[in-house]
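Some notes on the structure that comes next.
The values are calculated or read from the model by the stated rules, or taken from the named source; none is laboratory data. In this text the structure is predicted, and so the values were computed from the model without any measurement. Here Cβ is always computed from backbone atoms with ideal geometry, including for glycine, and neighbour counts include all displayed protein chains.
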Amino acid sequence: MKLKISLIAVFALSYSLSSAQQVNVSKSFAAAAKQTDVLIKNVDSARVIKPTFVSPRTVENGQFKMVISRDWTSGFFPAELWYFYEYTKDKKWLNLAKKYTEDIKKEQFNRGTHDLGFMIYCPFGNGYKLTKDTAYRSVIVQAAKSLSTRFNAKAGVIKSWDHNGDKWKYPVIIDNMMNLELLFEATKFTKDSSFYKIAVKHANTTIKNHFRPDFSSWHVIDYDTLTGNVRQKLTAQGYSNESAWARGQAWGLYGYTLCYRYTKNAAYLAQADGIANFILSSKITPADGIPYWDYNDPQIPNVSRDASAAAITASALYELAKYSKEGKKYKAAADKILASLSTKYTSKLGANYGFILEHSTGHRPAKSEIDVPINYADYYYLEALLRYKNFGK
Ligand code: GLY
């Protein structure tokens with residue numbers, strides 16, 4: 001009996017190793033670059049009509065949608081151009097990345113949103129990493145100062161949104177974990193530990209209040225800033241207050257992985273492991289690894305997927321695989337997701353105005369951006385391809 005069990009175990013292991021998914025990075029990057037050439041032409045045409053448009057966001061009802069720099073997604077397009085430069089080392093991409101990054105610069109002073117990590121850190125952080133241009137570093141530090149003004153010491157968190165004051169008083173969304181990278185980097189640049197301390201406090205408060213016992217997360221936690229207590233636990237973009245919105249789970253995974261990178265705090269690693277386990281043990285996600293938009297939508301399987309959640313998850317898992325005891329499992333899961341995205345979820349050449357991936361879901365409850373291409377899916381897809389390529393180096 002014992003022998004039989006161990007033979008089965010050996011068979012299962014060798015099956016999973018031999019079935020590890022390969023990803024063709026050069027082919028995927030070449031196809032993505034061709035798409036992005038198309039995208040840039042569409043961006044430039046749209047800007048002739050409305051010069052305040054800076055970045056492409058999505059395609060809805062067949063229409064190409066651009067955004068102004070204040071939009072939370074404005075930084076992803078220039079940040080993608082930096083990834084093309086990182087991969088190709090071609091000056092063409094360097095010049096394009098520099099040009100479109102400039103358009104977001106003024107948001108470093110924006111105190112009206114928590115999204116400065118996405119808007120500023122994605123383009124300027126990648127720009128700084130690749131050029132060491134100190135002007136980029138200054139923008140990152142100023143953005144960290146702006147973001148820090150949204151921190152409330154009593155609640156111990158950074159406020160996410162100023163809108164919809166009738167629904168909540170001090171809303172904090174799980175997505176906000178992504179902005180902590182900007183703060184950690186600002187402390188590295190300036191040696192001013194106040195940014196680091198805010199990031200750590202926000203991460204600790206979020207562990208305490210944002211997660212259920214199975215490591216799924218609520219989307220929105222509303223705080224009382226007089227007492228520091230939680231007022232409400234809600235959703236804005238998920239199926240219901242008690243559901244697990246797919247992209248929220250991905251933001252949490254990525255967020256705690258990056259917190260571990262900067263702090264080496266075992267609690268953050270344990271949190272990332274717990275979230276990864278929630279995502280990867282789902283019996284609902286189809287075999288290709290691309291989740292439905294919300295794990296608890298009762299209409300599953302007749303609902304849209306979210307390729308953006310998959311791309312964020314794959315990218316995070318490549319990093320988490322380097323830190324966790326479950327590294328092999330995470331690497332294999334990320335490879336599976338990336339293989340699916342790069343073969344089954346890419347636009348046909350020239351289609352979708354030049355966006356790279358299809359089948360993301362932006363805001364289903366608002367009937368907005370359902371089963372569409374979207375800029376942050378493309379950004380984290382390129383990041384995942386680079387992390388796949390550099391894995392183990
Ligand atoms: N941060 C907003 C979203 O993930 O849609």
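Scanning region 307-347 for residues that are among the polar types (S, T, N, Q), closer than 14 Å to Ile275 by Cβ and more than 16 Å from the ligand (Cβ to nearest atom) turns up just one, Ser324. Taken over region 214-229, the criterion of being within 15 Å of Ile158 (Cα to Cα) and either surrounded by 14 or more Cβ atoms within 10 Å (Cβ to Cβ) or of a type in the set (Phe, Trp, Tyr) (or both) is satisfied by His219, Val220, Ile221, Asp222, Tyr223, Asp224, Thr225, Gly228. The residue of region 60-76 that is farthest from Leu130 (Cα to Cα), among those that are more than 16 Å from the ligand (Cβ to nearest atom) and surrounded by 17 or more Cβ atoms within 10 Å (Cβ to Cβ), is Phe64. Screening Ser360, Ser304 for residues that are surrounded by fewer than 21 Cβ atoms within 10 Å (Cβ to Cβ) and within 16 Å of the ligand (Cβ to nearest atom) leaves exactly one candidate, Ser304.
The set of residues in region 81-94 being surrounded by 18 or more Cβ atoms within 10 Å (Cβ to Cβ) and closer than 17 Å to Asn390 by Cα consists of Trp82, Tyr83, Phe84, Tyr85, Glu86, Tyr87. The strands (runs of 3 or more DSSP E) located wholly in region 159-247 that include 1 or more residues which are among the β-branched types (Val, Ile, Thr) and farther than 21 Å from Ser146 by Cβ occupy 220-223, 230-234.
Taking the listed residues Ala332, Ala316, the one that is closer than 30 Å to Lys167 by Cβ, modelled with pLDDT of 95 or more and assigned to a helix (DSSP H, G or I) is Ala316, with no other qualifying.
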